Amino acid sequence: MFDASPSPGQTRAPASPAAQPDAVVPTPRVPPSGASERRSGAPGEAGAAQPAKRRDSFFDNAKYLAIVLVAMGHSWAPVKGDSRVLEGLYDVVYTFHMPAFVIISGYFSRSFDMRPDRLKRLVTGVAVPYVVFQTAYLLFRRYVGHSGDPLDLASPWYLTWFLCALFVWRLTSPLWKLVRHPMPIALGIAMIGSISPAASGAFSLGRVMQLMPCFVLGLCLKPEHFEAVRRPWVRIVSVPVFAAALAVGWWAAPKMQDNWFYRESAAQNLGAPWWTGPLMTLALFGCAVLLTACFFAWVPGRRTWFTALGCGTLYGYLLHGFVIKYATFNGWFDHGWLHGPLGEILVSTLAAATVTVLCTTPFQRVFRFAMEPKMEWAFKQDATELARARQKQQQQRQQRPLEKSTV
């Protein structure tokens, strides 16, 4: 499963959704049609067993590097204070790090349909973890943060909004594949979200709507698009692009609210005229796509020491929030020396190290019950799956005599 695969920029394009499980932080690993049979060794149409498909290292590397940026961004929030440099860097990172995840989520949702086994995985891999972690975060906030806020499962807190959004986005995937012009429609929905104050309430509908274009863009992408952004000239061009983005971020830091980059609030809620919402939606989407392309250009396509960690980014994403909030509740970020350059570097390093550890196999084993529950007891057995299982058993029984006679 973790075997190295060629770089998209060297010998082949990145794996299509049919060649790799879902490769994004909070998505469940939903095998595409026929993938489960290939992995288990069941014969295909021609009657011959198909080898297991190998993961593409490019996407696992991208997931890991993006989750490190997420953790670092969360650690910067309490210490950036009046640091104009860190504020500008914070805004630049928040422009593209979550859109990058959403784009990859959309790309690996291309094969999603309403097949029962996929709906089951959507429930067990997204909906159930949302309920578990939303409850855990709210209890954590109440008893560790001494908050009197109500325990409201319909109002995502901190990191759990992504699971709500992913559930809605993935359910709508078949519809987006039917319409003629999905991107203009998705952008229209995002602009409506940016001028709808009520959308910021239940289930983070504001973020669902405002980040929808990134998900739809991922649905529209093909392997050759990832091949294109990893060409040498794109890597070279990405350097001045990022430099310009950092310069703009430094210039705009005192003039812009961070809430624009969270993409959760309507313009009116930010004290701006309503018409700025659609304009900011288009501007942020364009910047997000540009910076995400530059980010992908520098993601290594070969297997590295952190490639395997890309398979555990769901764990790192949901667990590192407890560490950040525990440190915040206990005043660890209040020390004055942490608000200087050396302190900011230390905080960034510790955040990267923490999320790296939380992506490792031991943490996956401990928390798999909450993030990847099987829950066979809750679902009816699908007739198609039963037929496949019977066919597999029949073929195995037929192969045993042949193997004995060969020996």
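Observations on the structure shown:
For (1) out of contact with any helix residue (DSSP H, G or I) (no Cβ under 9 Å at 6 or more places or on another chain); (2) buried (at least 16 other Cβ atoms within 10 Å of the Cβ); (3) β-branched (Val, Ile, Thr), each residue gets a yes or a no:
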| position | (1), (2), (3) |
| --- | --- |
| Ser265 | no, yes, no |
| Trp274 | no, no, no |
| Thr281 | no, yes, yes |
| Cys287 | no, yes, no |
| Arg303 | no, yes, no |
| Ala308 | no, yes, no |
| His320 | no, yes, no |
| Leu338 | no, yes, no |
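- Of all the listed residues (Val30, Val92, Val25), the sole one being among the β-branched types (Val, Ile, Thr) and at pLDDT 85 or above is Val92.
- Test for Leu205: is it surrounded by 17 or more Cβ atoms within 10 Å (Cβ to Cβ) and modelled with pLDDT of 95 or more: no
- Cross-chain or 6+ apart pairs with Cβ under 9 Å, the stretch 223-240 first and more than 12 Å from Leu291 (Cα to Cα), then of a type in the set (D, E, K, R) and surrounded by 12 or more Cβ atoms within 10 Å (Cβ to Cβ): Pro223/Arg12; Glu227/Arg12
- For Val179, the conditions (1) more than 26 Å from Tyr107 (Cβ to Cβ); (2) over 23 Å from the mean Cα position of the chain (by Cα) are fulfilled apart from (1).
- Unmet criterion (only one of (1) touching a residue at least 40 places away in the same chain (Cβ under 8 Å); (2) under 30 Å from Ser173 (Cα atoms)) for Val93: (1)
- Residue that is surrounded by the most Cβ atoms within 10 Å (Cβ to Cβ) [pool: residues in the stretch 55-93 that are out of contact with any Leu (no Cβ under 9 Å at 6 or more places or on another chain) and of a type in the set (Phe, Trp, Tyr)]: Phe58
- Residue check for Ser173: surrounded by 17 or more Cβ atoms within 10 Å (Cβ to Cβ), over 21 Å from Leu282 (Cβ atoms), of a type in the set (S, T, N, Q) and in contact (Cβ under 8 Å) with a residue 12 or more places away in the chain: yes
- Among the residues of the stretch 290-301, those that are over 30 Å from Arg365 (Cα atoms), buried (at least 18 other Cβ atoms within 10 Å of the Cβ) and among the aliphatic types (A, V, I, L, M) comprise Leu291, Ala293, Ala297.
- Any hit, the stretch 109-119, residues being modelled with pLDDT of 95 or more, surrounded by 23 or more Cβ atoms within 10 Å (Cβ to Cβ) and either polar (S, T, N, Q) or under 16 Å from the mean Cα position of the chain (by Cα) (or both): no
The values are calculated or read from the model by the stated rules, or taken from the named source; none is laboratory data. Predicted model only: the values in this text are computed from it and were never measured. Note that each Cβ is placed from the backbone with ideal geometry, even for glycine, and that neighbours are counted across all protein chains shown.
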